[in-house]
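Asker: Here it is, the structure, as structure tokens.
The values are calculated or read from the model by the stated rules, or taken from the named source; none is laboratory data. On a predicted model such as this, the values are computed, not experimentally measured, just so you know. A quick note on method: Cβ atoms are made from the backbone with ideal geometry, for glycine too, and the neighbour counts reach across all protein chains shown.
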Amino acid sequence: MNNVRNDNTEAVEANKIEVETIDLEAPNIDSAKARAAALWNVSESDIEVTVLDEGKRFFGLIGGKMKLRVSTRLPVMFLQAKDFAGSIMKQSELELETTLGEDCTVNLDGEDSAIVIGRHGETLKALEFLANLIFRSDQAMPKIRFDCGGYRIRREESLIRLAESVAREVVHKRAAISLEPMSSWERRIIHLALQGNSDINTSSEGEEPMRKIVVYPRDNFEKRRHPRRRRF
């Protein structure tokens, strides 16, 4: 059985990425937010400010600049991905609100959710792929994840049902079955759903973006060479 990590693992690792922080001087908090937002190319609403020194002021109106510590609310690449998605939704005139969850998932929600999801989530996957291509500079970093209208939960439930159905068929016919190409997240769901089944084994084969899962009888490795294709 391949060693795989569940989606929660990547969520935890996403939160381990350090946020950006700098100390600066500015006449006021709004000015500091504007400077930091421009520096990191994120929205001002995603900037947090801590006052280190209010500076010497005359009746609180004029005087020296304030010393401030500014930081991003969450890691920059996820904030940039959220703003990127929001910009595309606006340009496409789609009624969708774009937010970033505490697990760093970019969430899209609104009356046009079905348009963004697309058939089998293909449109959502394409948007996620572009965001990772643009903003994920280090392959060792967790991937940027997208969700739309709760699609990921529904998709996960569908994949678990598929995995269980394919496992039964593999055991019954003693023949390997190859699934359609899937994203790494989808493949992970299949692996995890079947890891407790002692009658079958799974492997991920091929190269991205055509990488797919093969489910085969545990005691018959030769079957892997000529798997049947299972469509879903």
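Asker: When you scan segment 144-161, how many residues do you find that are part of a loop (DSSP other than H, G, I, E, B) and either hydrophobic (A, V, I, L, M, F, W, C) or surrounded by 17 or more Cβ atoms within 10 Å (Cβ to Cβ) (or both)?
Answerer: 2
Asker: Based on what the data block shows, is residue 103 in contact (Cβ under 8 Å) with a residue 40 or more places away in the chain and either out of contact with any helix residue (DSSP H, G or I) (no Cβ under 7 Å at 6 or more places or on another chain) or within 15 Å of residue 127 (Cα to Cα) (or both)?
Answerer: no
Asker: Here is a check on your reading of the model: is residue 85 in contact with a Ser or Thr (Cβ under 7 Å, 6 or more places away or on another chain) and at pLDDT 95 or above?
Answerer: Against the criterion (in contact with a Ser or Thr (Cβ under 7 Å, 6 or more places away or on another chain) and at pLDDT 95 or above), residue 85 qualifies.
Asker: Taking the condition of a type in the set (Phe, Trp, Tyr) and touching a strand residue (DSSP E or B) at 6+ places or on another chain (Cβ under 8 Å), does residue 78 pass?
Answerer: yes
Asker: Run down 109, 103, 138 and say which single residue is among the charged types (D, E, K, R) and touching a strand residue (DSSP E or B) at 6+ places or on another chain (Cβ under 7 Å).
Answerer: 109
Asker: Consider residue 166 against the criteria (1) in a helix (DSSP H, G or I); (2) within 26 Å of residue 130 (Cα to Cα): it satisfies all of them except one. Which criterion is unmet?
Answerer: (2)
Asker: Listed residues 128, 122; which is modelled with pLDDT under 90, in a helix (DSSP H, G or I), acidic (Asp, Glu) and under 14 Å from residue 146 (Cα atoms)?
Answerer: 122
Asker: Still on this model: Working carefully through the options 49, 42, 70, 19, find the one that is of a type in the set (Val, Ile, Thr), in a loop (DSSP other than H, G, I, E, B) and in contact with a helix residue (DSSP H, G or I) (Cβ under 7 Å, 6 or more places away or on another chain).
Answerer: 42
Asker: Let me ask another. Could you tell me which numbered condition residue 129 fails, if it satisfies all but one of (1) within 13 Å of the chain's Cα centre (by Cα); (2) crowded, with 18+ Cβ neighbours inside 10 Å?
Answerer: Tallying (1) within 13 Å of the chain's Cα centre (by Cα); (2) crowded, with 18+ Cβ neighbours inside 10 Å, residue 129 fails exactly one: (2).
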